[in-house]
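Below is one structure; the comments refer to it alone.
The values are calculated or read from the model by the stated rules, or taken from the named source; none is laboratory data. The structure displayed is predicted, hence computed values, not measured ones. Quick reminder, even Gly has a Cβ in these numbers, built from the backbone with ideal geometry, and neighbours come from all protein chains shown. Please note that ligands, DNA and RNA were not included when accessible areas were found on the heavy atoms of the full protein model with its side chains. Shrake-Rupley method; radii C 1.70, N 1.55, O 1.52, S 1.80 Å.
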Amino acid sequence: MDIDRLLEDLIRIESHESIAEIQSYLLEEIENAVKHETGCISAQKEGDNAGPQIILNSHMDVVSPHLPFERDGDIIRGRGACDAKGCLVPMIAAFNTIDPSIGTVQLLISPDEETTQRGLATYLETGVKADAAVVGEPTGLDICPMARGHYDLELTFYGQAAHGATPESGINATVCMADAVDRIESLSQLKDDHLGSNSFTPTMARAGSRPNQVPDSATLVVDYRTLPVESRVEALETIEGALAGLSCEFDIDFYDNGSSLDSFETDPTEDIVTDLENHVLSVTGERPAIRPFDAATEAAFFASDIPTVVFGPGLIADDETPIAHSEREFVRFSEVEAATAVLTQLLEQWLKGD
């Protein structure tokens, strides 16, 4: 495939608010592609004989605002350059190129990874079977078989409205929320040898409707980054326990418009990890690091049942300076080419049966 043209086209298509245009484009460019009511685009190829089943997954949506396509030699700039259109292109190219003799390859493209992840989660509700999954996100061609999870938790605090001149006659939900923030920031962190620490970060807060009225409610969203030892229930219990004895009543639940991604960890001795490692070495001449992915990812949806790795060109940040989601988002085209060669070799190894 002409991956140069494909990457430019994808970046030029705005997919930060609507995915309709990019869906139509992908249906034209990907062999056997179909659109599902979940918003996902999927395509599948099968060999004549039984063999390994592998899933390639990345996402078509990006964050706001749109950034125009620019090219300066090897540097490709624009929204989605690395997160994750630069990762999607190698998967499309490898999928379109392979003619399986054995086994099955499925290309599955998510519609809302940057927001709620509901599209892929709903698509997978009926179950999925595979021997391995590769999820396209910017790893700098490193192999990432693990990542922390990400839950957005919404806390609602209930007070009693009163006149601002007599605040003692009511229960101030804003003050109660402020106490909750202090308690959450003082929570002890768990440690993991590979993934580091879990974390709990208050991110969004709102309360009150008038400047002279004690508010009767307040809402706080907490960005909770989890480790594999923490379940969804335990994450809720951790925050709930920290808030015991607050001066007001409160509820806690998952934020409707936020993430709900589990942490995951794939055994680094799994074939998908070692095979990808060997193909990266073969293509680039350098052995990639086996490391945690920097952010939460939809890889979690596969990893509970399937050996799963995160892999792709580009980086989320370099030297703690943001790349993905920033105004300087870019990817090196040479890395996109390398990732294409790596995934093509992987599919040939698994599905040609030679």
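Over the chain, how many pairs of lysines fall under 26 Å by alpha carbon, counting only those 8 or more apart in sequence or from different chains?
Counting lysine pairs in the chain gives 8.
With contacts defined as alpha carbon pairs under 8 Å and 6 or more residues apart, what's the relative contact order of the stretch 1-151 in percent?
Rounded, it is 31 percent for the stretch 1-151.
Nearest 500 deg cm²/dmol is fine: what mean residue ellipticity at 222 nm does the chain get from its DSSP H runs of n ≥ 4 alone, each adding -39,500 (n - 2.57), divided by its residue count?
-8500 deg cm²/dmol
Can you give the direction-averaged projected area of the convex hull of the alpha-carbon atoms in the stretch 216-262, in nm²?
Taking a quarter of the hull surface, the average projection is 3.8 nm².
Lone cysteines in the chain, defined as no other cysteine's Cβ under 4.7 Å from theirs: which are they?
C40, C82, C87, C144
Over the stretch 135-201, how many percent of alpha carbon pairs lie in each 5 Å bin up to the one with the longest distance?
Over the stretch 135-201, the share of Cα pairs per 5 Å bin runs 3, 12, 15, 14, 13, 10, 9, 7, 6, 4, 4, 2, 0 percent.
Give the carbon-plus-sulfur fraction of the accessible surface of the stretch 226-272 in %, rounded to a whole number; probe 1.4 Å, heavy atoms of protein chains only.
Roughly 43 percent of what the probe reaches on the stretch 226-272 is carbon or sulfur.
Evaluate the Kirkwood expression for the hydrodynamic radius of the stretch 4-58, namely the inverse of the mean inverse distance over all pairs of different C-alpha atoms, and round to one decimal in Å.
13.0 Å
Identify the GluC sites (Glu not before Pro) of the stretch 276-317 meeting these criteria: DSSP loop state and at most 16 other C-beta atoms within 10 Å of the C-beta.
E286
Over all distinct Cα pairs, what is the inverse of the mean 1/r for the stretch 285-331, reported as the Kirkwood hydrodynamic radius in Å?
One decimal place: 12.7 Å for the Kirkwood radius.
If you take the square roots of the eigenvalues of the alpha-carbon gyration tensor of the stretch 178-264 and sort them as a ≥ b ≥ c, do you get rounded (a/c under 1.5), prolate (a/b over b/c) or oblate?
It is prolate, given that a/c is not under 1.5 and a/b is the larger ratio.
Assign unit charges at the C-beta atoms only (+1 for Lys and Arg, -1 for Asp and Glu), then state the dipole size of the chain relative to its Cα centre in Debye, rounded to the nearest 20.
About 400 debye.
What translational diffusion coefficient, to the nearest whole µm²/s, does the stretch 312-354 have by Stokes-Einstein, given a Kirkwood radius computed over alpha-carbon pairs, a temperature of 20 °C and 1.002 mPa s viscosity?
Rounded to a whole number, D works out at 178 µm²/s.
Distance in nm between label sites at L236 and N49, each 7 Å beyond Cα in the beta-carbon direction?
Distance between label points: 5.0 nm.
I want the antiparallel fraction of DSSP beta bridges within the stretch 29-106, as a percent rounded to 5.
65 percent
Just for the chain, what percent of DSSP beta bridges are antiparallel, to the closest 5?
Taking every DSSP beta bridge within the chain, about 75 percent pair in antiparallel fashion.
If you average over every viewing direction, what projected area does the convex hull of the Cα atoms of the stretch 159-314 give, in nm²?
That works out to 11.9 nm², a quarter of the Cα hull's surface.
Count neighbours as other Cβ atoms within 10 Å of each site's Cβ, and list the GluC sites (Glu not before Pro) in the stretch 10-62 that are DSSP loop with at most 15 such neighbours.
E17, E31, E37
In whole percent, and with a 1.4 Å probe on the protein chains, what portion of the accessible area of the stretch 34-105 is carbon and sulfur?
Solvent-exposed carbon and sulfur of the stretch 34-105 make up 43 percent of the total.
At 37 °C and a viscosity of 0.692 mPa s, what translational diffusion coefficient does Stokes-Einstein give for the stretch 1-156, taking Rh as the Kirkwood radius over Cα pairs? Give it in µm²/s as a whole number.
199 µm²/s
Report the FRET efficiency, 1/(1 + (r/R0)^6), for R210 and H325, where r is their Cβ-Cβ distance and R0 is 35 Å, rounded to 0.05.
Working from the Cβ atoms, E equals 0.50.
Express the relative contact order of the stretch 135-183 as a whole percentage, based on alpha carbon pairs under 8 Å and six or more residues apart in sequence.
For the stretch 135-183, the relative contact order is 24 percent.
FRET efficiency for D2 and S197, Cβ-Cβ distance as r, R0 = 30 Å, nearest 0.05?
The calculated FRET efficiency here is 0.10.
What does the net charge come to around N57 if you take all other residues with beta carbon closer than 12 Å to its beta carbon, with K and R at +1 and D and E at -1?
-3
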